Amino acid sequence: QVQLVESGGGLVQAGGSLRLSCAASASIFSITAMRWYRQAPGQQRELVAAIKSGGSTNYADSVKGRFTISRDNAKNTVYLQMNNLKPEDTAVYYCNMQLKVKFWTAQGDYWGQGTQVTVSS
């Protein structure tokens, strides 16, 4: 059973930085895409950043220039470097991976447990 294990959330002052990590707990055949989402209280979950297997990335307009998504294929891990954090970045952050566990299995959608990021003003 594949699990995505997140780490790196916490409390930071506005203008500060945090780095989130998300690692797949088991051996993986292939990962097509890795994404970070966030959900603030009373809000819908929104896509923050995504990175495909070829390395192409895309970001929500609200985080462009401040957040950077990256991946380590050897470790089946995705990172989100968050700089110049703002109070409006406060949310639970979830990682998501589209992956195949074995070459004969169907591609599946997997989610991390979520990590809280709180930015104080």
Note to self: For the stretch 71-121, I need the span (max minus min coordinate) of the C-alpha atoms along each principal axis, in Å, sorted largest to smallest.
What the structure shows: 50, 19, 12
Next item on the list: Determine the per residue accessible area of the chain with all protein chains present and a 1.4 angstrom probe, expressed in square angstrom.
Entry: 53 Å²
Margin query: Report the per residue volume, in Å³, of the convex hull enclosing the C-alpha atoms of the chain.
Written below: 96 Å³
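For F103, F67, give me the order by solvent-accessible area with a 1.4 Å probe, most accessible first, ignoring ligands, DNA and RNA.
F103, F67
For Cα pairs less than 8 Å apart in space and 6+ apart in sequence, what is the mean separation divided by the residue count of the chain, i.e. the relative contact order in percent?
Relative contact order of the chain: 36 percent.
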Check: Using a Gaussian network model of the chain with C-alpha springs under 10 Å, which one of G15, G42, G65 is most mobile by mean-square fluctuation?
Finding: G42
Notebook entry, point to check: Tell me, in nm to one decimal, what length is gained between W104 and N73 on full extension, where the rule is 0.36 nm per residue of separation less the Cα-Cα distance?
Noted result: 9.2 nm
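Carbon and sulfur together cover what percent of the accessible area of the stretch 1-114 at a 1.4 Å probe radius? Intermediate values should be presented prior to the final figure.
Working: 2860 of 6060 Å².
Solvent-exposed carbon and sulfur of the stretch 1-114 make up 47 percent of the total.
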Item checked: GNM result for the chain, Cα springs below 10 Å: residue of N73, N83, N96 fluctuating most strongly -> N73
Next item on the list: In debye, nearest 20, what is the charge dipole magnitude of the chain about its Cα centre with +1 on Lys and Arg Cβ and -1 on Asp and Glu Cβ, if you could check?
Entry: 260 debye
Next item on the list: Please compute P(r) over all alpha-carbon pairs of the stretch 29-90, binned at 10 Å starting from zero, and give each bin as a whole-number percent.
Entry: 20, 51, 24, 4
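The values are calculated or read from the model by the stated rules, or taken from the named source; none is laboratory data. What you see is a predicted model; the values in this text were computed from it and never measured. Glycine gets a Cβ as well: all are built from the backbone with ideal geometry, and neighbour counts include every protein chain shown. Only protein heavy atoms, including side chains, enter the accessible area calculation; ligands, DNA and RNA are left aside. Shrake-Rupley method; radii C 1.70, N 1.55, O 1.52, S 1.80 Å.
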